[in-house]
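What follows is calculated from the coordinates using simple rules that are stated; it is not laboratory data. None of the values given here were measured: they were computed from a predicted structure. In this analysis, Cβ positions are derived from the backbone assuming ideal geometry, glycine residues included, and neighbour counts consider all displayed protein chains.
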Amino acid sequence: MVYEKEVLLGQLLIDKGLITIAQLDKALNERKKTGGFLGSTLIKMGYIAQDKLFPVLAEQLGVEYVKLKNRPISPSLIEKVPAKFASHYKLIPLDINDGILTIAVTNPLDIHTIDDIKLLLGYDARPVLASEEDIVEAIRKYYGVGADTLEKMMVGAEGKEGIEVEMPRTEDIEDMAQDASIIKFVNQVFLQAYKDRATDIHLEPYEDEMKVRYRIDGVLYDTAIPPSIKHFQPAIISRVKIMANLNIAERRLPQDGRIRIKVGGEELDLRVSILPTPYGESVDIRLLSTDIRFGLENLGLLKRDQVLMEDMIKKPHGIIFVTGPTGSGKTTTLYACLTRINAKEKKIITIEDPIEYQVKGITQIQVQPRIGLTFAQGLRSMLRHDPDIMMVGEVRDFETAEITIRVALTGHLVFSTLHTNDAAGGITRLLDMGIDPYLVASSVECFVAQRLVRLICPGCKTKIKPSKKILDELGIERVKAIFKINFYEGKGCDECKHTGYKGRTAIYEILVADSEIRNLIMAKQSADRIKEKAVKRGMRTLRQDGWEKIKMGITTLAEVLRVTETEMPE
């Protein structure tokens, strides 16, 4: 009977010109081997798109087909169907009228599900057809990540809902952290973060709630989580500690650890940082892929700047400083440079805090201040290993800066970072640390400032017309008129989680220490004066590089303004 229905569905698809007879035969043969539903097999084999299949399937079944992605659902309706029920049966409530509950399901002919709804919820059900992908996404959106898991735990705690959970003893917390439901919930949080392309997960405790936030493309977003998560806060944090091999009994001091997990065939390195707060411990988890391939061509450098960087990193000695705030992509740029010049005939040693990525062929050292292994101490020891190239994770004090510069002056190429707003600011930062101007002038080859800007989502990219007020404020009306520039932005869609952005690229400012710049450094000129001279000699500022990315149609005016200073060049 089932086979006959599937043949009928296949014939309908053929009649409508959506698949061929040969494709149906192959799909039926594949379906016999793997089981499952013919429609799913056709989609997996790439013979038909989901949005083409489901209307035909609904027609065959004699039910309505609904798209859930843009359909709002009342919170009061969501409350009528428990999360564990929605997750178990893969359904979402849509409407209730005259005691009849309209539900979206993947199989409207499943009589058992309809009977269970009537028995457990007390409503007659009217099933409509929706895709499993849409239903799962709707459950996550309206119930929250891991809602069914938390709901089961709430009911399982002495069979009472709305319980008050006191801070348990350490032994109880450890036992609870090993509970299958807690393990499942933490895994669900990690999995959803991976699916959403998050770079960080923040577990933040407050007096009457616990928030879970994901950082996506550099911006933090609240994640839908059931309020009952607060009851399980100690167990959830203890579970993370156990995974990171941290001390679960210590709740007064900060702790750092790491977790290795595999998601979707990809290995992730999770860096865990825990801080004590008045309402419990706050957890930050950074997600790093272990399979990142670094390349200068992937950083977002314009052609001219890429050629310039290629020349800089081939220098036999000197220092290349990458500057910018935390989270601006400095480490990625440094690894891309090291990867490009990494060769078997060269000895490369790095000292970092922390080691964010493991790179084959490079010796990497982790700073450990508690036992005396600082950047300065590590640098002294690294010299005894006869390196050709060295990387210092960050120059943050006089001692590290002085040793780094002297290492460069003795014939080594050194890469490092500084936390400054622009490239010229790196010079004044070194001078402020107490480094003599002649040492800076004779050792530094270039300063590279950078920021990360979000890319316009290709799925909802739309041409726009910026307001005259914004153009006048930025002083770019004349440029726009000359170059006939088209401006774009993302309207927001499911692909980009309705943000209008998907992915990031970098904008750069490369200040080369040529003879004139070195003279200004020796004369202790201000950063503004040095920047002005560098621009006259051809340096493109961060804002100007951002302007080039706007002209390319890959980012927006608002995004460049967000990450750079106040003036836009004409």
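Where both partners of a DSSP beta bridge lie in the chain, what percent of those bridges are antiparallel, to the nearest 5?
On the way: 55 of 85 bridges.
Taking every DSSP beta bridge within the chain, about 65 percent pair in antiparallel fashion.
In debye, nearest 20, what is the charge dipole magnitude of the chain about its Cα centre with +1 on Lys and Arg Cβ and -1 on Asp and Glu Cβ, if you could check?
Values: 80 positive and 81 negative charges, 420 e Å.
It works out to roughly 2020 debye.
What residues from segment 379-414 fall in the zone where the backbone N is under 14 Å from a label point 7 Å along the Cα-to-C-beta line of V359?
Within reach of a label on V359, which here means backbone N under 14 Å from a point 7 Å along Cα→Cβ, segment 379-414 contributes 388-394, 413-414.
Match the structure shown to one of the listed values (i) 86, 66, 50; (ii) 75, 66, 50; (iii) 92, 66, 50 of Cα extents along the principal axes in Å, computed from it, and give that label.
(i)
When only DSSP loop residues count, what trypsin sites (Lys or Arg not before Pro) in segment 207-293 have their Cβ near at most 16 other Cβ atoms within 10 Å?
On the way: sites: K211, R213, R215, K230, R239, K241, R251, R252, R258, R260, K262, R271, R286, R293; in loops: R251, R252, R293.
Here the trypsin sites (Lys or Arg not before Pro) that fit, given the DSSP loop and packing criteria, are R252, R293.
Using the per-residue mean of other Cβ atoms lying within 10 Å as a proxy for protection, in what order, highest first, do the peptides 319-326, 277-284 fall? Walk me through the numbers before you get to the answer.
Working: 319-326: 21.4, 277-284: 16.4.
Result, highest mean first: 319-326, 277-284.
Return the FRET efficiency for the residue pair R537, K314: r is the Cβ-Cβ distance, R0 is 30 Å, and the value is rounded to the nearest 0.05. Don't skip to the answer; put the middle values down first.
Details: r = 21 Å, r/R0 = 0.70.
Once rounded, the FRET efficiency stands at 0.90.
Of A534, I554, A22, which is farthest along the charge dipole of the chain in the positive direction, counting Lys and Arg as +1 and Asp and Glu as -1 at C-beta?
A534
For segment 434-440, just list the computed ³J(HN,Hα) in residue order, Karplus coefficients 6.51, -1.76 and 1.60, θ = phi - 60°, integers in Hz, with x standing in for Gly and Pro.
So the J values, rounded to whole Hz, are x, 6, 5, x, 5, 6, 5.
Which entries of K67/K549; K303/K360; K315/K360; K32/K118; K303/K536 show an alpha-carbon separation above 24 angstrom in the structure shown? Please report the intermediate quantities before stating the final value.
Values: K67/K549 36 Å; K303/K360 28 Å; K315/K360 22 Å; K32/K118 34 Å; K303/K536 20 Å.
Pairs exceeding the cut-off: K67/K549; K303/K360; K32/K118.
Between L253 and D388, what's the calculated FRET efficiency when r is the beta-carbon distance and R0 is 45 Å? Round to 0.05.
0.65
Below 8 Å, C-alpha to C-alpha, sequence gap of six or more: please give me the relative contact order for the chain in percent.
Relative CO of the chain lands at 8 percent.
Could you work out the equivalent-ellipsoid semi-axes for segment 1-104, taking the square root of 5 times each eigenvalue of the Cα gyration tensor, largest first, in whole Å? Show your work: numbers first, answer last.
On the way: eigenvalues 199, 44, 31 Å².
Ellipsoid half-lengths, sorted descending, are 32, 15, 12 Å.
Between R370 and E59, what is 0.36 nm times their sequence separation minus the Cα-Cα distance? Round to one decimal in nm. Intermediate values should be presented prior to the final figure.
Details: separation 311, 0.36 × 311 = 111.96 nm, distance 6.90 nm.
Roughly 105.1 nm would be gained on extension.
Extension gain D25-R260, at 0.36 nm per residue separation less the Cα-Cα distance, in nm?
Here the segment from D25 to R260 would lengthen by 80.3 nm.
Suppose each label sits 7 Å from its Cα in the direction of the beta carbon; what would the S76-A49 distance come out to in nanometres?
The modelled label-to-label distance comes out at 3.8 nm.
So what is the 222 nm mean residue ellipticity for the chain from helices alone, if each DSSP H run of at least 4 adds -39500 (n - 2.57) and you divide by all residues, rounding to the nearest 500 deg cm²/dmol? Walk me through the intermediate numbers first.
Details: 24 runs with 238 residues, N = 570.
About -12000 deg cm²/dmol.
When DSSP beta bridges are limited to those with both residues in segment 42-137, what percentage is antiparallel, rounded to the nearest 5?
Values: 6 of 13 bridges.
Around 45 percent antiparallel, to the nearest 5.
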